[in-house]
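This report refers to the structure that appears directly beneath it.
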Amino acid sequence: MSETIELLNKRVSIRKYKGDPVPEDLVAQILRAAFRAPTSSNIQSYSVIVVDDPDTREQLKVVTAGQQHVVEAPVFLAFCADLTRIEHVMAQRGHTIRDNNMEIGLVSSIDASLVGMAAYMAAESVGLKGVMIGAVRNDAAATARILGLPDQVYCVFGLCLGWADEAPPQKPRMDYSTMVHYERHGTLRDNRDLGQTLDAYDADLARHYTDTGRVTTSDSWSHDMDKKFDPQLRDNLRRELKSQGFDFR
Ligand SMILES: Cc1cc2nc3c(=O)[nH]c(=O)nc-3n(C[C@H](O)[C@H](O)[C@H](O)COP(=O)(O)O)c2cc1C
């Protein structure tokens with residue numbers, strides 16, 4: 001159909017990499033392409049930190065609860081929401097973005113995410129594989145300290161990249177017809193109710209986890225979501241982001 005659609009259809013997160021390095025100019029080309037991603041009102045409110053230093057990687061591994069690929073991936077990129085450039089020009093005009101509202105926090109996070117996904121796909125297009133690392137937000141303040149992030153910058157997620165040294169099967173997704181609604185939310189093209197579709201997905205995912213040797217329950221996805229969000233995940237994040245200058249008020 002198209003190379004991009006094919007890449008997406010085959011895509012899977014990869015967490016084990018060969019030792020072969022990724023040339024610095026290839027990383028630069030990937031990032032240059034990613035910076036062509038759309039950006040809300042052209043605000044370009046992101047920065048990317050290329051993290052090579054093994055000590056820094058070790059520290060990030062601690063924040064990410066011991067994720068070994070954070071240390072071992074040939075490339076680690078930290079995608080940050082960054083309001084410093086906007087603050088700079090506003091300060092020159094006697095204004096400030098301080099006490100910023102929800103909108104700027106969201107658009108800068110979306111901007112950073114779009115650039116991160118664009119970089120990920122650009123990397124895939126040259127045969128690199130990777131995995132995004134949201135666990136940098138386990139302790140956003142520690143990540144900010146480790147990466148030297150100033151006020152008004154926070155790390156939205158990291159991205160490990162390298163040449164794959166594993167070929168795991170794809171994790172099943174929910175049915176197309178569960179995700180796509182017509183005209184109004186809830187208007188699906190088949191008549192199954194939400195409970196039925198989620199039961200079917202739980203069974204699919206449980207089979208996938210069992211086949212790949214991972215412990216699971218018969219209500220796999222439902223069980224995982226319930227466990228993940230009750231008690232609430234990263235409940236201190238709002239305070240940590242506020243201390244980085246993101247009010248989300
Ligand atoms: C924003 C974001 C953060 C993620 N954080 C992590 C992470 O910290 N560690 C990890 O191993 N995988 C992480 N992942 C990968 C997801 O677990 C993975 O995409 C999901 O389980 C689906 O698997 P697949 O990508 O192989 O299809 C993250 C993905 C996204 C989009």
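Of the residues making up the stretch 84-109, those that are assigned to a helix (DSSP H, G or I) and open to solvent by less than 70 Å² (accessible area, probe 1.4 Å) are 84, 86, 87, 89, 90, 91, 104, 105, 107, 108, 109.
Failed condition for residue 183, given (1) among the charged types (D, E, K, R); (2) at negative phi; (3) not in a helix (DSSP H, G or I), with all others met? Exception for residue 183: condition (2). Against the test of being exposed (fewer than 13 other Cβ atoms within 10 Å of the Cβ) and at pLDDT 95 or above, the options 219, 202, 226, 190 yield a single qualifying residue, 226. Considering each residue of the stretch 152-175 in turn, at least one proves to be within 15 Å of the ligand (Cβ to nearest atom), among the β-branched types (Val, Ile, Thr) and surrounded by 12 or more Cβ atoms within 10 Å (Cβ to Cβ). Only residues that are in a helix (DSSP H, G or I), among the β-branched types (Val, Ile, Thr) and touching a strand residue (DSSP E or B) at 6+ places or on another chain (Cβ under 6 Å) were counted across the stretch 123-161, and they come to 2. List, please: which pairs have Cβ atoms under 7 Å, are six or more places apart or on different chains, and start with a residue in the stretch 118-141 that is away from the ligand (no atom under 14 Å from the Cβ) and end with one that is open to solvent by 60 Å² or more (accessible area, probe 1.4 Å) and in a helix (DSSP H, G or I)? Here the result reads 141/243, each pair linking the stretch 118-141 to a residue that is open to solvent by 60 Å² or more (accessible area, probe 1.4 Å) and in a helix (DSSP H, G or I). In the stretch 8-27, of all residues being among the hydrophobic types (A, V, I, L, M, F, W, C) and open to solvent by less than 40 Å² (accessible area, probe 1.4 Å), the one that is nearest to residue 170 (Cα to Cα) corresponds to 12.
The values are calculated or read from the model by the stated rules, or taken from the named source; none is laboratory data. Since we're looking at a predicted model, the values are computed, not measured. FYI the Cβ positions are ideal-geometry reconstructions off the backbone, even for glycines, and counts take in every protein chain you see. These area figures cover heavy atoms from the full protein model, side chains too; ligands, DNA and RNA do not enter into them. Shrake-Rupley method; radii C 1.70, N 1.55, O 1.52, S 1.80 Å.
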